[in-house]
Amino acid sequence: MPDVARPTTTAEVADVMRDAAARGRTVVARGRGTKQSWGCPVAPDLVVDLSGMDRVLDHQAGDLVVEVQAGARLVDVQDAVGAARQRLALDETVPGASVGGTLATNASGPSRLATGTARDLLIGVTVVRADGVVAKAGGRVVKNVAGYEVGKLVVGSFGTLAVVTEALFRLHPEPEVRRWVSVEAGDPRRLHDLVHAVVHSQAVPGAVEVDGGTLAVLLAGRAAGVEARARTVAELVGGTVSDTAPAGWGRYPWEPSETGLKITCVLSGLHDVLSCAADVGARVRGSAGTGVLYAALADPDAVPDALARLREVAARHGGTVVVVDAPDEVKAAVDVWGPVPALDLMRRVKDQFDPDRRLAPGRFVGGI
């Protein structure tokens, strides 16, 4: 079992990392542990547990910004800014998820259609490098470190470049009302057609999600406008309107013992991807409006063939398929990440940030 350090400030994280560097120890950062099994398996010498760094450091409601520590849970940040009728537009796709873990994995949910992902919302970040040096980028500093746009680099890097300790986000006003329009579309072709109809309409949806054969559309904003737009969408797709989110809204579709996949494609390829997923027995849920879907496979023996077929179809439509989470024996049997065109560049970035390869070694693409 690895040793565990529990710092409560950026300065303490820096001390821990300097000591680890002096001893040549490998390190994995952990927020709330909700996505610790994502990526390839890692057996570090030291876990830096950031759950004690859970404070909202500053909320400037007039400027629509909030600064938080990396171990803060998303739900707690929402509670803090919600008092001012504001929200951080990051979905809690895994219950109990932290800010740092969400950034490290670039986790996203239904909100990505209207407000983007963590890369779009992050305006400043504080990180600790593998050698213990503290670096700040974006937001309230003059420029990024060493010419890199550090915030965008660390998002989705699975903790392999630096330890994120604090983050500054832009906020959005909390909408007056939300309405969901849902319809059981059934087959992939009708789902494809309905998604295109909604996305290309004038309804300005906040999210366009599929869950199995069901389409759900979120409309949010001022009451009068939302009610009218919801009626328009309901007539367009033949659905019903509710003020309650559908079951499973914003959550990944897989159970802990199953294989979870992230599938991307251009919008025109949605029918082919959904059809292939149905053929291989995958349960699909996700942001059809942005071409980002998540799928669950229950049978571990079926994963290699299903993954190969899904990757072939997704690639034809400008996308990829990544194994997000799976039992270790499944990860050992497949290529978790699939083809990565920019791998050489990513390795050079890793060499600049962590030349001794001590941060989550092997967890990310290409053994990074």
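Bear in mind that the values in this text are calculations on the coordinates, not laboratory data. Bear in mind the structure is a predicted one, so any value in this text is a computation, not a measurement. Reconstructed Cβ throughout: ideal geometry from the backbone, glycine too, with neighbour counts over all protein chains shown.
Quick notes on this structure:
- Taking the Cα centre of region 259-333 as reference, the dipole from Cβ charges on Lys and Arg (+1) and Asp and Glu (-1) amounts to some 320 debye.
- Local electrostatic count at G319 - Lys and Arg +1, Asp and Glu -1, tallied over other residues with Cβ under 13 Å: +1
- Overall form of region 177-242 per C-alpha gyration tensor (a/c, 1.5; a/b vs b/c): prolate
- Each of M53, M1 was scored by other Cβ atoms within 10 Å of its Cβ. Listed from fewest to most, they are M1, M53.
- Which of R231, R85 has the fewest Cβ neighbours within 10 Å, and the rest in rising order: R85, R231
- Within the chain, the longest segment free of exposed loop sites, counting GluC sites (Glu not before Pro) that fall outside DSSP classes H, G, I, E and B and have at most 16 other Cβ atoms within 10 Å, spans 177-368.
- Nearest 10 degrees, 0 to 90: helix 223-237 Cα axis against the chain principal axis: 60
- Rg and Dmax [Cα atoms of region 20-132; Å; Rg one decimal, Dmax integer]: 15.0, 48
- Other residues whose C-beta falls under 13 angstrom from the C-beta of V56 contribute a net charge of -4, scoring Lys and Arg +1 and Asp and Glu -1.
- Rounded to 10°, Cα long-axis angle of helix 188-199 versus longest principal axis of the chain: 80
- Charge tally in the Cβ shell below 13 Å around T8, where Lys, Arg are +1 and Asp, Glu are -1, T8 excluded: -3
- With Rh defined as the Kirkwood radius, the inverse of the mean 1/r over Cα pairs, the Rg/Rh of region 259-333 is 0.94.
- Isotropically averaged projected area of region 209-365, using the convex hull of Cα atoms (one quarter of hull area), nm²: 11.9
- For the chain, the mean residue ellipticity at 222 nm estimated from helices alone is -8500 deg cm²/dmol, where every DSSP H run of n ≥ 4 contributes -39500 (n - 2.57) and the total is divided by all residues, rounded to the nearest 500.
- For region 298-362 versus region 220-297, the inter-centroid distance based on Cα atoms is 24 Å.
- Most mobile listed residue (R129, R189, R358) in the chain, GNM with C-alpha springs under 10 Å: R189
- Degrees between helix 303-316 axis and first principal axis of the chain (Cα, 0 to 90, nearest 10): 70
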